[in-house]
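K.L.:
Structure below; questions to follow.
The values are calculated or read from the model by the stated rules, or taken from the named source; none is laboratory data. Just so you know, these numbers come straight off a predicted model, no measurement behind them. Every residue, glycine among them, receives a Cβ derived from its backbone with ideal geometry; neighbour counts consider all protein chains shown. These area figures cover heavy atoms from the full protein model, side chains too; ligands, DNA and RNA do not enter into them. Shrake-Rupley method; radii C 1.70, N 1.55, O 1.52, S 1.80 Å.
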Amino acid sequence: FDTCAAQPLNVMWDFWNGTPFFNTNIYFGGASRGCKQPNLTTTWVKTVTGQTSYNGSFMHYDIIPTYVGAEPAFSASGTSTGGCQTSPTGHYGEIISSNLTTAASQGKNDADNATYLLNALGLGGSVIYLDIEQWNQGWSWNGVSCETMVRTYVNAFIHEVFACCYPSYSAGVYGNPNAAMDRFKTLTNIPDDIWTADFGGAANVWGISGIPDADWSYDQRISQWNRNKNTKDGVSIDNDCSIADLAYGNNPEPNDSGTESAGTSGEDPHCNS
């Protein structure tokens, strides 16, 4: 499950004991991160991953670490139709520049910041998921196509993660499958993993519109399939199904070795239902 803000330890404990969820997302940094994170500390990370106990017992969550850096520019009316519109208002803390040299620098700098922050949380050497919000492939800003700007930024981010720390760090991307993910499989630096916002789907990482099952087919997928469902302790969550690289590895999936194919059953009892 994922929530905007990392929940207090007592809530994480209730979820661990009272729900089927075994991993959780954290928005750990980035200029466009929308939630304050008063609970997100090294102590929180160590406790939810089972490195230290909570009241004498242990949780064993895996973590989806997500970074929200530069985003496609929004206009004032763009919240429902997507990014890279004309006359951007700075809806996000950082917007991807229409100057492609600058966009590439943004990607590199955000990757450096992301690895620094994860190291500080004690999750150095894990996967990093870059959050890219909805954008319109056919639109442009300052005469530069939205697609070119976004691809330049994402490619530079992933390149820096690989250049800095690979194979210790790996890179994933979160986004809308129809408006983003199918465009990233042709990057020079292809994401290791994808996390798709497939609301209204099922608890399954396969059969997602816009992402053929043959793409990212070997334990490389997370699907955010249900949105804003109220559950324990009144916490509003999104539900996810994960067969992908996660941080800490309490419940590891098989390596991305090419030994399993898309749709294989039995990979994870929480998915493919």
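K.L.:
Looking only at the range 115-135, count every residue that is in contact with an Asp or Glu (Cβ under 9 Å, 6 or more places away or on another chain) and of a type outside the set (Ser, Thr, Tyr) and tell me the total.
P.N.:
The number of residues fulfilling the criteria is 6.
K.L.:
Something else: Under the condition of being touching a helix residue (DSSP H, G or I) at 6+ places or on another chain (Cβ under 6 Å) and in a loop (DSSP other than H, G, I, E, B), which residue from the range 210-234 is modelled with the lowest pLDDT?
P.N.:
Gly210
K.L.:
Among the residues of the range 175-188, how many are open to solvent by 20 Å² or more (accessible area, probe 1.4 Å) and modelled with pLDDT of 90 or more? Break it down into steps so the answer makes sense when it comes.
P.N.:
First, the residues of the range 175-188 that are open to solvent by 20 Å² or more (accessible area, probe 1.4 Å): 176, 178, 182-183, 185-186, 188.
In the following step, the residues that additionally are modelled with pLDDT of 90 or more were identified as 188.
Matching residues across the range 175-188 total 1.
K.L.:
State whether one or more residues within the range 92-109 are aliphatic (A, V, I, L, M) and under 17 Å from the mean Cα position of the chain (by Cα).
P.N.:
The first filter runs over the range 92-109 and keeps only residues aliphatic (A, V, I, L, M), leaving 95-96, 100, 103-104.
With under 17 Å from the mean Cα position of the chain (by Cα) added as a condition, the list becomes none.
No: zero hits.
K.L.:
Cβ contacts < 6 Å: first residue at negative phi and of a type outside the set (Lys, Arg), restricted to the range 101-126; second residue surrounded by fewer than 23 Cβ atoms within 10 Å (Cβ to Cβ) and part of a loop (DSSP other than H, G, I, E, B), any location; separation 6+ or different chain. Result?
P.N.:
Ala103/Ser97; Leu118/Gly124
K.L.:
Same structure, new question: Quick check on the range 43-95: of everything there that is of a type in the set (A, V, I, L, M) and modelled with pLDDT of 90 or more, which residue is farthest from Asn155 (Cα to Cα)?
P.N.:
Met59
K.L.:
Right, here's the next one. Any idea which residue in the range 23-36 is modelled with the highest pLDDT, counting only those that are open to solvent by less than 30 Å² (accessible area, probe 1.4 Å) and part of a loop (DSSP other than H, G, I, E, B)?
P.N.:
Gly30
K.L.:
Of all residues being on the phi < 0 side of the Ramachandran plot and surrounded by fewer than 20 Cβ atoms within 10 Å (Cβ to Cβ) in the range 48-58, which is nearest to the chain's Cα centre (by Cα)? Just the residue, please.
P.N.:
Applying the filter and picking the extreme gives Gln51.
K.L.:
Condition first: free of Cβ contacts under 8 Å to residues at least 12 places away in the same chain and over 22 Å from Asn155 (Cα atoms). Now tell me which residues in the range 208-248 satisfy that.
P.N.:
Asn228, Lys229, Asn230, Gly234, listed by residue number.
K.L.:
Select from the range 156-174 the residues that are in a helix (DSSP H, G or I), open to solvent by 40 Å² or more (accessible area, probe 1.4 Å) and of a type in the set (Phe, Trp, Tyr) and list them in ascending order.
P.N.:
Phe162
K.L.:
Being among the β-branched types (Val, Ile, Thr), crowded, with 21+ Cβ neighbours inside 10 Å and modelled with pLDDT under 95 is the filter; apply it to the range 129-155 and report the residue that is farthest from the chain's Cα centre (by Cα). Write out each step before concluding.
P.N.:
Applying the first criterion (among the β-branched types (Val, Ile, Thr)) to the range 129-155 yields 132, 144, 148, 150, 152, 154.
After this cut, where a residue has to be crowded, with 21+ Cβ neighbours inside 10 Å as well, the list is 132, 150, 152, 154.
Within this subset, residues satisfying the condition of being modelled with pLDDT under 95 are 132, 150.
Details: Ile132: 8, Val150: 16 Å.
The residue in question is Val150.
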